[in-house]
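This report refers to the structure that appears directly beneath it.
The values are calculated or read from the model by the stated rules, or taken from the named source; none is laboratory data. Because the structure is a prediction, the values reported are computed rather than measured. Using ideal geometry, Cβ is built from the backbone for each residue, glycine included, and neighbour counts are taken over all protein chains shown.
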Amino acid sequence: MVGRWARIAGMGCALAMGAAAGAQANDQPRDTSAANQCPLGRTYRATAVTPDHAREQGYGQDVQRLRGADIHIAAQPGLTQEWLQKSIERSVANGDCDFGTSHLTVNVLSAGNAFEVRLTTPDERAARQVLQRAQQLVR
C-alpha cells in the first residue's frame, strides 16, 4: 500500500514539474514570422531574393507585372530539386511558410550549384506581399 502511494506522489510531483517547465517555455515569446518557421529560413539557406516578373501583352505593348519572388537557395550535400520542391510545398500547405496568400505556386529550378525557388501568385498585390516576406528569409 505504501509503495502505491509513493508511486502516486511521485507521478504527481513529475506532473507538477512538467507543468512548471511547460509554463516557463510558454512564457517565452514565440517568433512566428515566416523567416523563423519556414525551412527556407532555417533548413535551406536563402542567399538572395529577386522579384519575379511576367510579361503580358497590353494594348499594343508588353507590360511587366510582378508575380512573386525568386529565392536563391545554396546547394547542400544530398539536397535535390525534387526534395526541395516537396518540402516547400508541404511547408506552405501546413502554414509553416506564410507568404501572405493562399494562392501560391511553388516551382524549384536547378541553378547550377544552387536552386531557385520561384513563388508566384496571379494577384499583383499578393505578389508584393510574397516578395516582402521572401526578402525576410535572407540573412
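Quick notes on this one:
- Answer from A93, A54, A69 - the residue that is modelled with pLDDT of 95 or more and not in a loop (DSSP other than H, G, I, E, B): A69
- Residue that is nearest to the chain's Cα centre (by Cα), among those in region 53-76 that are within 14 Å of G112 (Cα to Cα) and not aliphatic (A, V, I, L, M): H72
- Counted residues, region 111-135 - those being in a strand (DSSP E or B) and of a type in the set (A, V, I, L, M): 3
- Residues (under 14 Å from V130 (Cα atoms) and at pLDDT 70 or above) located in region 27-40: C38, L40
- Total residues in region 77-92, condition farther than 25 Å from A54 by Cα and either over 18 Å from the mean Cα position of the chain (by Cα) or hydrophobic (A, V, I, L, M, F, W, C) (or both): 4
- Which listed residue is β-branched (V, I, T) and assigned to a loop (DSSP other than H, G, I, E, B), from V108, V138: V138
- Among residues of region 120-139, those that are closer than 14 Å to A48 by Cβ and among the hydrophobic types (A, V, I, L, M, F, W, C), counted: 4
- Flag if L109 is under 18 Å from the mean Cα position of the chain (by Cα) and over 12 Å from A134 (Cβ atoms): yes
- Subset of region 105-133 [over 20 Å from Q64 (Cβ atoms) and surrounded by 20 or more Cβ atoms within 10 Å (Cβ to Cβ)]: V106, V108, F115, V117, R133
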